[in-house]
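Trainee: This is the structure, below, for whatever I ask next.
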Amino acid sequence: MPSYRPPKIASSEITPRQVYMGRREFLGTAALGAMALYGAGKASAAALTAVESKYTVDDKLTPLKDVTSYNNFYEFGLDKADPAALSGDFKPMPWTIKVDGMVNKPGTFDLEALMKEFPIESRTYRMRCVEAWSMVIPWEGFPLASLLSKAEPLGSAKYVAFETVVRPEEMPGQKGIFQSLEWPYVEGLRIDEANHPLALLAVGLYGETLPNQNGAPIRLVVPWKYGFKGIKSIVRITLTDKEPKNTWQVTNPQEYGFYANVNPAVDHPRWSQATERRIGESGFFGASRHPTLPFNGYADEVASLYTGMDLKANF
Ligand code: MTE
């Protein structure tokens, strides 16, 4: 059974990670020039220089090709292959994020400046989708708490609401008569969840800036929650005192709730959540199945956020 690995300083000894870290160090020297290209609006990925974080698991990484070709990003279509195939026209840079609502210092922040201001960390996290598949992804990013503290949330702010960009001209899933979801895609966290050190704003994966299909140029990663909480291509973050609705909860409140903590003991109405299919791994009967862990294996870090709460009622 995979388990959360305690803080570490040295790079992982695991071969795939070593290979990728080595490649990243090499690419690191070209990072500045590559960043300039990205800044000019090119869709191509640029190398990121990052420091190792203690918040890392040493599970076997999901291959890059699976991480970037098996996606949920309905703004580009409903099929898992659509985001990679149909996101070529999306322009992730330049990019700004507005932080507003119950804060002392609202503002619109330039992403490239934020990426210089906050140290970029590399963190390998498990990702468990509510559809009962999972991956292990090496992200680059900075803590959500770093950005929130810049805006100085008021004591009365209890929740954080997020919004994805709306650009029908660049996002084919937002165009036409048939709309799969209401736009913008929205999400929310309680403020203590948002300030938890595991809550990451990812700007890259596998050592390079985020591919469009994974939520370029900045998306949320909250590894103890189902993947749909990881809202992509964020343009706005609002501090509020009311529990914000999220897109899947609005679409189907019987099946999706606000918390969406990974929980093998609470089944989805239409399928079991006890096990998961690890994408990119093959077993005797196809992709190998793993037991799903409470809070996706991050219980030691986050279970205390929910002390005394009925996790069946607050699904
Ligand atoms: N964010 C937006 N804006 N639109 C989406 O359709 N899908 C969510 C989440 N974030 C989604 C989104 C779902 S259901 C999952 S499982 C993850 O993104 C998938 O992330 P990945 O494609 O990088 O694996």
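The values are calculated or read from the model by the stated rules, or taken from the named source; none is laboratory data. The structure displayed is predicted, hence computed values, not measured ones. Cβ: placed from backbone, ideal geometry, glycine included. Neighbour counts: every protein chain shown. Please note that ligands, DNA and RNA were not included when accessible areas were found on the heavy atoms of the full protein model with its side chains. Shrake-Rupley method; radii C 1.70, N 1.55, O 1.52, S 1.80 Å.
Trainee: For residues in region 226-240 being among the β-branched types (Val, Ile, Thr) and open to solvent by 10 Å² or more (accessible area, probe 1.4 Å), which is nearest to the ligand (Cβ to nearest atom)?
Mentor: The residue in question is Val235.
Trainee: In region 97-160, which strands (runs of 3 or more DSSP E) lie fully inside it and hold 1 or more residues that are open to solvent by less than 10 Å² (accessible area, probe 1.4 Å) and away from the ligand (no atom under 16 Å from the Cβ)?
Mentor: Where strands (runs of 3 or more DSSP E) fall fully within region 97-160 and carry at least 1 residues being open to solvent by less than 10 Å² (accessible area, probe 1.4 Å) and away from the ligand (no atom under 16 Å from the Cβ), they are 121-128, 133-143.
Trainee: Conditions first: (1) of a type in the set (D, E, K, R); (2) away from the ligand (no atom under 16 Å from the Cβ); (3) open to solvent by 50 Å² or more (accessible area, probe 1.4 Å); (4) assigned to a strand (DSSP E or B). Glu163 passes all but one, so which condition is the exception?
Mentor: Failed condition: (2).
Trainee: While we're looking at this one, here's another question. Only residues that are over 27 Å from Gln273 (Cβ atoms) and either out of contact with any Gly (no Cβ under 8 Å at 6 or more places or on another chain) or open to solvent by 10 Å² or more (accessible area, probe 1.4 Å) (or both): list them for region 202-217, please.
Mentor: Answer for region 202-217, where residues must be over 27 Å from Gln273 (Cβ atoms) and either out of contact with any Gly (no Cβ under 8 Å at 6 or more places or on another chain) or open to solvent by 10 Å² or more (accessible area, probe 1.4 Å) (or both): Tyr206, Gly207, Glu208, Thr209, Pro211, Asn212, Ala216, Pro217.
Trainee: Checking the conditions here, which among Glu281, Glu243 is part of a strand (DSSP E or B) and surrounded by fewer than 23 Cβ atoms within 10 Å (Cβ to Cβ)?
Mentor: Glu281
Let's see how each residue does on (1) out of contact with any strand residue (DSSP E or B) (no Cβ under 6 Å at 6 or more places or on another chain); (2) open to solvent by 50 Å² or more (accessible area, probe 1.4 Å); (3) near the ligand (Cβ under 10 Å from one of its atoms):
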position: Val67; (1), (2), (3): no, no, yes
position: Asn72; (1), (2), (3): yes, no, yes
position: Glu75; (1), (2), (3): yes, no, yes
position: Phe90; (1), (2), (3): yes, no, no
position: Trp95; (1), (2), (3): yes, no, no
